[in-house]
Amino acid sequence: MSVAASSLPLARPGSFAAGFAWAFSRDLTLSMRHPGETLLVVAFFVLVATLFPLGVGADPQLLARIGPGVIWVCALLAAFLSLPALFAGDYTDGCLEQMMLSPHPMPGWASGKIAAHWVASGLPLTVLSPLLGLQYGLDAGTLGTLAVALLLGTPILSLLGAACSALTLGARGGGVLLALLALPLFVPVLIFGAGAADAQAAGLSPAPHLSLLGAGLILAVMGLPFAACTAIRIALD
Amino acid sequence: MNFYYFSSPSSFYRLAGAMAPYFFAAAIVTGIAGMYAGFVVAPTDAQQGEVYRVIFIHVPAAWMSMLIYFVMACYGGICLTFNTRLAAMMARALAPTGAMFTFVALWTGAFWGRPTWGTYWVWDARLTSELVLLFLYLGFIALANAFEDPRRGDRAAALLALIGLVNLPIIYFSVQWWNTLHQGSSVSFKGTSMHVAMLWSMLLMAICFWMYAIGAALVRVRTIILERERRTQWVRNLT
């Protein structure tokens, strides 16, 4: 942990970068030590994507048509499933309170935790998506667009999910409540993400959808860590 | 008496009780006038026939669904910034009315869509974003009631309302940004493409819904105040 913190030039103790590096390396180390949880999310993603052809029939044209949407919905559900691991564990064992007391600024370590969550959940899904796309018979261009859209979209899911999961800390009926809060907010990401691959498959340019996703990502990066911090403060009040 | 006198729940309780009947009375009067203008005076539409009269309920309900969310988020912002109790109670009191109007807008829209578009539902940008708004309202209500400590629920729900605010411009501009089945607005500040009686009916119904929403929120906030303050002396003195 100290190695990662001191290797960054800006990482003075108590700075944003130091907090980010500390929380990022800590959460990533934790998920490496328990690879089962990370792999479960990936396995869930692959499994659900495999169930769809069995359910709707193996007609290649139909599969190529629904493929991007199905993969996006699976990514959404997988991102949602891994959300409780983000803050809830640290909340119950008191780590979150200790982090609040640390000299690092709160947006720093909260962003670090969110980034680690994305590396452990969103990134593997993005890397795997072309493989799943092949199952659905998508062509090369659509596969690439799908992967780029997931690369831009899954961080937004992690950021939105972080704010929502921080809001539900200590709430009754946590899991279902989190679904009710997070999934509606995920809808725009789903629309533009699946829209990009659909446009590519229809021979149109996916650039407008990708630009909107990128704009959404910038807005999310700028605003949502602070919303998550406010939510954590409310939870620990 | 200063401006903040009514930010105390006990004084606002009396004010709300005194004001609510007037808002309900205004809602009844404008409602009857709007219905009369809409169902008797306004002519039959040349293209849609009688079905178009759904708009006298549908459009004001859709307006109110967005307006109430905005007001609710403003109360949420006040609650988080100044840590006031009454603002959070008002946000809670508005949420069920807003959810009801959102549902009414979706429901009447579906019944209008069946004869004119030929389908109850399309996955159009405006319909989808309005549905998301309904889920935001439901999430707000669920989150506000999910904690043992009501103040915790107040503040968490207030933050959720502020995050959900990004959906409002998406609903409002969806008919311009995406070229969709749902038509654009017929009413603007520059003028209207409607018959005068139709416009008046719609505006009267909008005022009716507005008055009803305020009245219902005031009645509901009274019960919330009583529930929260049930251990205080002034509530005990009421009985």
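Throughout, read-outs are computed from the coordinates displayed, never taken from laboratory work. Remember, predicted model here, so these are calculated numbers, not experimental data. Don't worry about glycine lacking a Cβ; one is built from the backbone with ideal geometry, like all the others, and counts go over all protein chains shown.
Residue-normalised convex hull volume from the C-alpha trace of chain A: 124 Å³ per residue.
Peptide A:177-186 is shielded by partner chain Cβ atoms: per residue, an average of 6 of them sit within 10 Å of its Cβ. Counting only Cβ charges, +1 for Lys and Arg and -1 for Asp and Glu, the dipole size of chain B around its Cα centre is about 720 debye. Only helices enter this figure: runs of n ≥ 4 DSSP H residues, each worth -39500 (n - 2.57), summed and divided by the residues of the protein assembly as shown, yield -26500 deg cm²/dmol at 222 nm to the nearest 500.
Taken residue by residue and averaged, Cβ atoms of other chains lying within 10 Å of the Cβ of A:215-228 number 1. For segment A:120-163, backbone nitrogen atoms closer than 20 Å to the point 7 Å from residue A:202 Cα along Cα-to-C-beta are found at A:137-150.
For segment A:9-49, backbone nitrogen atoms closer than 19 Å to the point 7 Å from residue A:100 Cα along Cα-to-C-beta are found at A:19-20, A:23. FRET efficiency for the residue A:172 to residue B:25 pair, using the beta carbon distance and R₀ = 25 Å, is estimated at 0.05.
Phi-derived couplings, Karplus 6.51 cos²θ - 1.76 cosθ + 1.60 at θ = phi - 60°, listed residue by residue for segment B:223-239: 5, 5, 4, 4, 5, 5, 9, 4, 8, 7, 5, 5, 6, 5, 5, 5, 7 Hz, with x used for Gly and Pro. With viscosity set to 1.567 mPa s at 4 °C, what whole-number translational diffusion coefficient in µm²/s follows for chain B from Stokes-Einstein and a Kirkwood radius over Cα pairs? Using the Kirkwood radius from Cα pairs, D works out to 67 µm²/s.
Modelled spin-label separation between residue A:131 and residue B:18, with each label point placed 7 Å from Cα along the Cα-to-Cβ direction: 7.1 nm.
In the protein assembly as shown, inverting the average of 1/r over every pair of distinct C-alpha atoms gives 24.7 Å as the Kirkwood radius. Here the gap between residue A:43 and residue A:236, fully extended at 0.36 nm per residue and compared with their Cα-Cα distance, gives a gain of 66.1 nm.
A simple charge model with +1 on the Cβ of Lys and Arg, -1 on the Cβ of Asp and Glu and nothing else charged puts the dipole of segment A:14-236 at about 220 debye relative to its Cα centre.
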